[in-house]
1. As a test of reading the structure, rank LEU95, LEU139 by solvent-accessible area (1.4 Å probe, protein chains only), most first.
2. Taking Cα pairs under 8 Å and at least six residues apart, what relative contact order does the chain come out at, in percent?
3. Extension gain ASP100-ASN170, at 0.36 nm per residue separation less the Cα-Cα distance, in nm?
4. Counting Lys +1, Arg +1, Asp -1, Glu -1, what net charge surrounds SER54 among other residues with beta carbon under 14 Å of its beta carbon?
5. Viscosity 1.306 mPa s, temperature 10 °C: Stokes-Einstein D of segment 1-76 from its Kirkwood Cα radius, in µm² per second?
6. For the chain, give the magnitude of the charge dipole about the Cα centre (Cβ charges: +1 Lys/Arg, -1 Asp/Glu; no others), in debye to the nearest 20.
7. Just how much of CYS20 is accessible, in Å², when a 1.4 Å probe is used and the result is rounded to the nearest 10?
8. Using a basic spin-label model with each label point 7 Å from the Cα along Cα→Cβ, how many nm lie between ASP40 and MET69?
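The values are calculated or read from the model by the stated rules, or taken from the named source; none is laboratory data. Computed from a prediction, not measured in an experiment: that's the story for all the values here. Every residue, glycine as well, gets a Cβ built from its backbone with ideal geometry; the counts of neighbours run over all protein chains shown. With ligands, DNA and RNA removed, areas are computed over all heavy atoms of the protein, side chains included. Shrake-Rupley method; radii C 1.70, N 1.55, O 1.52, S 1.80 Å.
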Amino acid sequence: MPISEYKICIFGSGGVGKSCLTMQFVQGIFMPKYDPTIEDVYKKTVEIDEKQYSLEILDTAGTEEFSAMRDLYVKNGQGFVLVYSITSRATFNDLQGYYDRIMRVKDTEINGQPPLILVGNKSDLEDERVVGREVGQALARKWKCTFLETSAKDHASVDQVFFDLVRQINRLPNISSN
Ligand code: GDP
Ligand code: MG
């Protein structure tokens, strides 16, 4: 049976847990001290709804500036994860910039919005929460995308992020359902 290959990009401010979410999904481990400067692509083959998928996940790092290389990834990317930390309002506010950039690069006026999921990470830190769940939900409604709160530390709802994106990509009208 042919394997569908999907490219997924993860964006968000430094420290929100992009690498930890990636590592938890790809390797099933929590790496509390992952090098914040590493930007790399990780691969994982998964079975979703009885079909095999090869996922290529770009874990971005560094400045908010988009490099030419990163724009190329966005151009080729089929699904996008936008991550903030529920313990930092600034990381939530930063997401609009990433969103706008993705929409520009993807030329959404012509192509429509790509599969996208908004993620509030660090849900295990309820005591330090400053971004309410309903605040995240409201932004997801505005963006017409799905929303999940996750804990990379506790492996809570991490896999669902990627599963949801795959299902969204499958629902795109121009993708053949091989
Ligand atoms: P990135 O810069 O977005 O890639 O963030 P990292 O994945 O490197 O994580 C930044 C910091 O947040 C690290 O100290 C992690 O241990 C911590 N962290 C990441 N995810 C979680 C989480 O779900 N819960 C908690 N408590 N800490 C997390
Ligand atoms: Mg990182």
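1. Values: LEU95 0, LEU139 20 Å².
Output order, biggest surface exposure first: LEU139, LEU95.
2. On the way: 311 pairs, mean separation 44.1, N = 178.
Relative contact order for the chain comes out at 25 percent.
3. Values: separation 70, 0.36 × 70 = 25.20 nm, distance 2.35 nm.
Full-extension gain reported as 22.8 nm.
4. Values: positive: LYS7, LYS43, LYS44, LYS51; negative: GLU5, GLU47, GLU56.
Once all neighbours under 14 Å are counted, the net charge is +1.
5. Numbers: Rh = 13.4 Å.
For these conditions, the coefficient is 119 µm²/s.
6. On the way: 21 positive and 25 negative charges, 77 e Å.
That gives a dipole near 380 debye.
7. We get 20 Å² for CYS20.
8. Between ASP40 and MET69, the simple spin-label model gives 1.3 nm.
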